[in-house]
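The next block holds one structure in the form of structure tokens; read it before the comments.
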Amino acid sequence: MKVCQVMTQSGGWPLNIMMTPDKQPFFAATYIPDLSRYGRVGLREMIPTVKKLWQERRADLLSDASEITRALRQSPTNGSQVLGEETMHRAYQSLLTGFDRTYGGFGRAPKFPSPQNFFFLLRYWKRTGAEQALRIAEHTLQNMRRGGIYDQIGFGFHRYATDERWTLPHFEKMLYDQALIALAFIDLYQATGKKEYEISAREIFTYVLRDLTDDEGGFYCAEDADSEGVEGKFYTWSPEEVRGILTEDEAALFLSDYRHEADRCVQGVQELPEGQFIPHLKGISDVDEKAITTDGSGKMEGIRKKLFAHREKRIHPHKDDKILTDWNGLMIASLARGAQVFDEPEYVMAALRAMGFITKAMPDNKGRLLHRYCKGQAAIAGNVDDYSFLIWALLELYETTFEARYLVQALEYQSHLFARFRDERNGGFFFTPDMPG
């Protein structure tokens, strides 16, 4: 990622790096489509061009690679830069510069949720009183919740939007996105007191507890984007199908609110089959406009339930049923925070069950965390995020239940983290442990 940021002044995923045989990078890019489209060069066209350059201008590529490597070595890595209040203000200005005032989010398409930006903005607002920081977070989360990146029928957020309006998603659903975006909505609810943000967080939890929860209490990784070999087929609709499920009045109401002719002009790397649409509400087009509240009559909720029941009969996308310690830590922390803020016992019980599973199934015979559980077997030495996210979850559980045993467990895992991951020479922590065994 550092290579990509040095070369392109931005980062992202999926990340592609091309290197010389001695591992010096000379090219970096994030999303690369198979074939060229929407102004992006495709991989099939790019590879022959790179091959030709390597054959005919190898000396230039090697020189570029050496310069990039030299720049990387000169970048500070030992924590010498002092982090203070000025750093905080610079971070805010950086987000402000990249903010899309019309649709929310940061930078150009594809747009990722990036919940850490909301955490920072809300705390920056609380610390400094900068109302604009609050408005930026609120405007983006409003448009994300109203967009196609959100599953309006079954709840939960898709991986990212391929367009600037949050309309056309990459349909994969990740556990960590659900955990962190729910936390962002909880923070926004606490900042504003608006009921709609509590509803949004609760809907995400409904999805996770319904579709991503193992019988033993842990949480699965993800749901794929494809079903029947077609990306997004599970989530898209035709007007004719909607009219066949709902009454005439219900269909007219749903189609008027959730299908928009302007979507035909939206350009993204995702293409919909002819006649199909992704249910979503119109975005709020200016950062200063007020939120549009949820339907108070309950009529639209009845429509949603009918469509959801019909959709459940479709062939579902494949479920990635691995249970990862780090992502489970995030989900447990999110549920525990939701339990605190919304006074919801169901979330406490789900968080406790998941923590009980992780602390029973994931440690090895020396008490050290393992990373992955699948089909009855835990394996792979835990990394720094497995420890840090689980420690966070334990602290949230303590603040939810005030049971001291969660503090004790947090301290035990913290001692493992210090002993096996700390960089004693330069400060900070390594991603992998000192010894994998």
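In segment 403-429, which residues are within 22 Å of Ala354 (Cα to Cα) and either of a type outside the set (S, T, N, Q) or in a strand (DSSP E or B) (or both)?
Listed by number, the residues that qualify are Glu403, Ala404, Arg405, Tyr406, Leu407, Val408, Ala410, Leu411, Glu412, Tyr413, His416, Leu417.
Of the conditions (1) of a type in the set (D, E, K, R); (2) within 26 Å of the chain's Cα centre (by Cα); (3) at pLDDT 95 or above, Glu248 fails just one. Which one is it?
All conditions are met except number (2).
So which residues in segment 242-251 are without any contact (Cβ under 8 Å) to a residue 40 or more places away in the chain and either within 28 Å of Arg159 (Cα to Cα) or not basic (Lys, Arg) (or both)? If you could, list the steps in order and put the result at the bottom.
Applying the first criterion (without any contact (Cβ under 8 Å) to a residue 40 or more places away in the chain) to segment 242-251 yields 243-244, 247-249, 251.
The answer is Gly244, Thr247, Glu248, Asp249, Ala251.
Search segment 8-43 for residues being among the basic types (Lys, Arg) and modelled with pLDDT under 80, and hand back the single one that is nearest to Leu61 (Cα to Cα). Steps first, answer last, please.
We begin by selecting, within segment 8-43, every residue among the basic types (Lys, Arg); these are 23, 37, 40.
If we keep only those that are modelled with pLDDT under 80 as well, we get 37, 40.
On the way: Arg37: 26, Arg40: 22 Å.
Ranking the qualifying residues of segment 8-43, first place goes to Arg40.
Look at segment 355-370 and say how many of its residues are touching a Lys or Arg at 6+ places or on another chain (Cβ under 8 Å) and among the small types (Gly, Ala, Ser).
The initial filter retains those residues of segment 355-370 that are touching a Lys or Arg at 6+ places or on another chain (Cβ under 8 Å), namely 368.
Subsequent filtering for residues that are among the small types (Gly, Ala, Ser) retains none.
The number of residues fulfilling the criteria is 0.
Please specify each residue of segment 304-339 satisfying the condition of being surrounded by fewer than 23 Cβ atoms within 10 Å (Cβ to Cβ) and over 24 Å from His170 (Cα atoms).
Of everything in segment 304-339, just one residue is surrounded by fewer than 23 Cβ atoms within 10 Å (Cβ to Cβ) and over 24 Å from His170 (Cα atoms), namely Lys306.
Quick check on my filter: what residues within segment 32-59 are assigned to a loop (DSSP other than H, G, I, E, B) and either small (Gly, Ala, Ser) or in contact with a strand residue (DSSP E or B) (Cβ under 7 Å, 6 or more places away or on another chain) (or both)?
If the condition is that a residue be assigned to a loop (DSSP other than H, G, I, E, B) and either small (Gly, Ala, Ser) or in contact with a strand residue (DSSP E or B) (Cβ under 7 Å, 6 or more places away or on another chain) (or both), then Ile32, Pro33, Ser36, Gly39, Gly42 are the ones that fit.
List pairs: first in segment 7-34 and closer than 11 Å to Ala65 by Cβ, second acidic (Asp, Glu) and surrounded by 14 or more Cβ atoms within 10 Å (Cβ to Cβ), Cβ under 7 Å, 6+ apart or cross-chain?
Close Cβ pairs (under 7 Å, with a partner that is acidic (Asp, Glu) and surrounded by 14 or more Cβ atoms within 10 Å (Cβ to Cβ)) amount to Phe26/Asp64.
In segment 214-248, which residues are in a loop (DSSP other than H, G, I, E, B), among the acidic types (Asp, Glu) and under 30 Å from Tyr347 (Cβ atoms)? Even if it seems obvious, please write down each step before you answer.
Within segment 214-248, the first condition is being in a loop (DSSP other than H, G, I, E, B), and the residues that meet it are 214-218, 220-221, 224-225, 228-229, 232-236, 238, 246-247.
Filter once more, so that each one left must be among the acidic types (Asp, Glu): 214-216, 224, 228.
Result: Asp214, Asp215, Glu216, Asp224.
What is the one condition in (1) surrounded by fewer than 17 Cβ atoms within 10 Å (Cβ to Cβ); (2) among the hydrophobic types (A, V, I, L, M, F, W, C); (3) within 16 Å of Phe418 (Cα to Cα); (4) under 25 Å from the mean Cα position of the chain (by Cα) that Val408 does not satisfy?
Val408 satisfies all of (1) surrounded by fewer than 17 Cβ atoms within 10 Å (Cβ to Cβ); (2) among the hydrophobic types (A, V, I, L, M, F, W, C); (3) within 16 Å of Phe418 (Cα to Cα); (4) under 25 Å from the mean Cα position of the chain (by Cα) except (4).
Considering (1) surrounded by 14 or more Cβ atoms within 10 Å (Cβ to Cβ); (2) assigned to a helix (DSSP H, G or I), say which one Leu370 fails and leave the rest.
(2)
Conditions first: (1) loosely packed, with under 14 Cβ neighbours inside 10 Å; (2) in a loop (DSSP other than H, G, I, E, B); (3) touching a residue at least 12 places away in the same chain (Cβ under 8 Å). Gly356 passes all but one, so which condition is the exception?
With respect to (1) loosely packed, with under 14 Cβ neighbours inside 10 Å; (2) in a loop (DSSP other than H, G, I, E, B); (3) touching a residue at least 12 places away in the same chain (Cβ under 8 Å), Gly356 is out only on (2).
Within 21 Å of the chain's Cα centre (by Cα) and more than 30 Å from Glu231 (Cβ to Cβ): does that describe Ile358? Explain how you work it out, then say what you get.
Values: within 21 Å of the chain's Cα centre (by Cα): no; more than 30 Å from Glu231 (Cβ to Cβ): yes.
Considered against the rule, which asks whether it is within 21 Å of the chain's Cα centre (by Cα) and more than 30 Å from Glu231 (Cβ to Cβ), Ile358 comes out as no.
Of all residues in segment 154-176, count the ones that are within 18 Å of Asp224 (Cβ to Cβ), buried (at least 24 other Cβ atoms within 10 Å of the Cβ) and of a type in the set (D, E, K, R).
Looking only at that region, the number is 1.
The values are calculated or read from the model by the stated rules, or taken from the named source; none is laboratory data. Note that the coordinates shown come from a computational prediction; the quantities given were computed from them, not determined experimentally. Heads up, the Cβs are rebuilt from the backbone with ideal geometry, glycines too, and the neighbour counts pull from every protein chain shown.
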